[in-house]
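Below: one structure, written as C-alpha cells.
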Amino acid sequence: MRTAYLILALAGAIFLASFNCLAQAPPPAVKDTSASVSGRVTVGGKAAAGITITASMSPSMFETRMVAKATTDDEGNYRLAGLSAGTLKILPVAKALAVGPDVQSKQLGRQVNVAAGEAITKVDFELVRGGVITGRVTDAEGNPVIGERVSVVGKGATEENASFALMSSSKDKTDDRGIYRIYGLSPGNYKVSVGQGAGSSGVSVMGMGGSQYRKTYYPGVQDEAKATLLELQEGAELGNIDITPGKPTSGFSLSGRVVDADSGQPVANLYVAYSPVKDNEMAPGGLNISGARSDANGKFRVESVKPGRYAAFTMAAGTENTTYSDPAPFEVSDGDISGVEIKVHQGATIDGTAVVENNFDPAVTALLKSLVLYAYVTPKGLAAPSYASGKINPNGTFHFTGLAPGIAKFGMQGFPTTPKGLSLVRTEFEGVEQPEGVDVGTGAQVKGVRLVFAYGSGVVRGEIRIEGGAIPEGTYLLLSLRSPTGDARHFDRLLEIDSRNHFLAEELPAGTYELFLRATTKDQAQTLFEPVIRTVTVANGAEVQATLVVNLAAKKPGEN
C-alpha cells in the first residue's frame, strides 16, 4: 500500500511539473558561481603535454581532498573548472620533474585563493628535469643496510627540520641491496646523511622514527661541517654517493621509580617520557614517548635510549591527569642508567565557564559541546611540560586538573577540525581580562576563569601589490590579521599569501581588524620596507575587499 502511494505521488508530481512548464515562462537562469584556474606547463622552456594537474583543498591538517583534475594539451595548457571558493593547492603530478633553480619555494604546488565565479589565469609551472642522487648504504662489514631512511638536505635548510618524518615513503629508503635513489630534486647543492644524532629533535612515539645508526654524512663523517656539499645540475644523476654509517647501537636502558614527592610512596600507571636537554633547558620538540608505564611498585624501564643528555618526566595515562612531575636529569654515554627517581606532585585545578559573546542563537552555543579545551603551562628552564584537556559540560563549565605551577594559557581543538566560525578571543579571571594567561600556584584550586569565544562568518579577501621593484630572493612576506590596539579581543591570525600575492581570511567574527604586512628574512637582518597596516571592518555574512600596496622604491627604515 505504501509503495502504491509513493508511485501515485511521484506520478502526480511529474504531471504537475509538466503542467507548470507549459503554463509558465522558464525560470531565470541561476548564476554560475563556480570558479576556474588555468595556466601552462613547460619543461625546459618547451610545452609539456600530458601532465596531470590537480586541485585540492585541506579543511584541516588531517584532511586533504582533491576537487578537480585536468591534463595539459599539446601546447601545455590546462584548465580546472567547477571550483568552489576557498584556498586551493594546484599541483602538477610529475614526480620526476622539479622547479627551477630561480624559484624561491622548491615546492611543485602553488597555493591559490579563489573567489566565487573567478576565472584565474596564468597559474603557470616552469619545470625542469629533476636530478637524482643515488648510492648504497652498508655497514662496517660491507653488508647492505636495509630500510634505512636517507636524508637529502638542500643548502641553507636545517638538519633538525629534515631529521624525522612520521610518514616517510619508500622513495627515501634503502632497498634490500642497501641502494637508495632519490629523484625529482631541483638543481642546487645538497648534503646526504643517514642515521640519527644523539638527542636529536623530532618526536619519537613508542620507538617509531628513530635509527639505530649514528648520524653520518657523505662521505662517511659525523661532523656536519666536514660533510661534502654535492652540486646537482638539472636532470643530472650523481651516483656512488655511498655511506657507511657509524657503529650501530640499539641504545641503553633507563630504569628507576616514580614516587610521590611528599610521601615517597610509589605511583603506578604513569607513562614515562624523556626529552633532550640543552643549555639547561628542555627541548619539547625532541619528546620521546617510550610507551613504558610505572608498575604497582612505581618501577619503570625504558629501552633504546641513545647517548646524550636528557630529562625524564611523567605523563598521565587515562583521561584524568591529576599530577605533574619534576624533571629527572640523566646522561647516557656508554652504559645503562639505573636509579633515576621521578617525583610527582598533586597538580593544580582550574574551573571555569565557556561562553560565546553577543550570541542569541542556541545552535551557536551548542557548537561549544563539540570542542575539547586544553590548558598548558609553558616550561621555563629545566621544567617538564604540563598539559590538561577536557570537554565543555552542557551547562558551559569546564574542569582542568594536574597542572604545574606557572602561567596557564588556553586553547581549543577538534578532530579533524574545530567547528567553523568559532574562535577563542579572550580569557578572564574574576572579571578581569588576562591577556598573558592565568597565574597558577603550586597545587592551587583556581576558580572563576571565563573563556570568551566569538562566532563569525565574515570574510576578508584581498591582494598585495608590489611597486618600485621586486621582492629579493630569500625575503618573505608575512601578513597578519589582528585586533587593533586596545581591543578587548586578542585576535591574531597569520594569513597565507598565495602565488599571486592574494590572501583570504574566513569565518571572522564581526568587528574591526588590522591587516599587518611585513617582510622577513631567514636571519631577520634586513628590513625591506616599513610595515603596511590597513584597517578593515567585517560584518557577518559579508566579504570585505582590501588591497595592500608595498612601494619598494620608498625610503627604507633608517635611511635619510
(message) If I ask for residues that are more than 11 Å from residue 300 (Cα to Cα), β-branched (Val, Ile, Thr) and surrounded by 15 or more Cβ atoms within 10 Å (Cβ to Cβ), which ones from segment 244-258 would you list?
(response) 244
(message) List pairs: first residue in segment 107-133 and touching a residue at least 24 places away in the same chain (Cβ under 8 Å) and small (Gly, Ala, Ser), second residue surrounded by 17 or more Cβ atoms within 10 Å (Cβ to Cβ) and assigned to a loop (DSSP other than H, G, I, E, B) anywhere in the structure, Cβ distance under 6 angstrom, at least six positions apart or on different chains.
(response) 115/85; 116/85
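Being open to solvent by 20 Å² or more (accessible area, probe 1.4 Å), modelled with pLDDT of 80 or more and among the β-branched types (Val, Ile, Thr): is that true of residue 228 here?
Yes, satisfied.
Here is a yes/no grid of residues against (1) closer than 30 Å to residue 246 by Cα; (2) open to solvent by 40 Å² or more (accessible area, probe 1.4 Å); (3) in contact (Cβ under 8 Å) with a residue 12 or more places away in the chain; (4) among the acidic types (Asp, Glu):
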site: 298; (1), (2), (3), (4): no, no, yes, no
site: 301; (1), (2), (3), (4): yes, yes, yes, no
site: 311; (1), (2), (3), (4): yes, no, yes, no
site: 323; (1), (2), (3), (4): no, no, yes, no
site: 340; (1), (2), (3), (4): yes, no, yes, no
site: 368; (1), (2), (3), (4): no, no, yes, no
site: 383; (1), (2), (3), (4): no, no, yes, no
site: 386; (1), (2), (3), (4): no, no, yes, no
site: 396; (1), (2), (3), (4): no, no, yes, no
(request) Would you point out the residue of segment 474-490, among those that are under 24 Å from the mean Cα position of the chain (by Cα) and open to solvent by 40 Å² or more (accessible area, probe 1.4 Å), that is nearest to residue 535 (Cα to Cα)? (result) 482
(request) Please give the number of the condition residue 359 fails out of (1) assigned to a strand (DSSP E or B); (2) farther than 21 Å from residue 409 by Cα; (3) touching a helix residue (DSSP H, G or I) at 6+ places or on another chain (Cβ under 8 Å). (result) (1)
(request) Enumerate the pairs (first residue in segment 505-518 and over 11 Å from residue 421 (Cβ atoms) and among the charged types (D, E, K, R); second residue anywhere and open to solvent by 10 Å² or more (accessible area, probe 1.4 Å) and in a strand (DSSP E or B)) with beta-carbon separation below 6 Å, excluding pairs fewer than 6 apart on the same chain, so at least 6 apart or on different chains. (result) 514/482; 514/533; 514/535; 518/478
(message) If a residue must be modelled with pLDDT under 90 and either in a strand (DSSP E or B) or not β-branched (Val, Ile, Thr) (or both), how many such residues does segment 458-476 contain?
(response) 8
(request) Only residues that are in contact with an Asp or Glu (Cβ under 9 Å, 6 or more places away or on another chain), closer than 23 Å to residue 232 by Cα and at pLDDT below 90: list them for segment 131-150, please. (result) 149
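The values are calculated or read from the model by the stated rules, or taken from the named source; none is laboratory data. Nothing here was measured: the structure is a model prediction, and the numbers come from that model. Reconstructed Cβ throughout: ideal geometry from the backbone, glycine too, with neighbour counts over all protein chains shown. Each accessible area value is taken on the protein alone, full model and side chains, heavy atoms only, with ligands, DNA and RNA left out. Shrake-Rupley method; radii C 1.70, N 1.55, O 1.52, S 1.80 Å.
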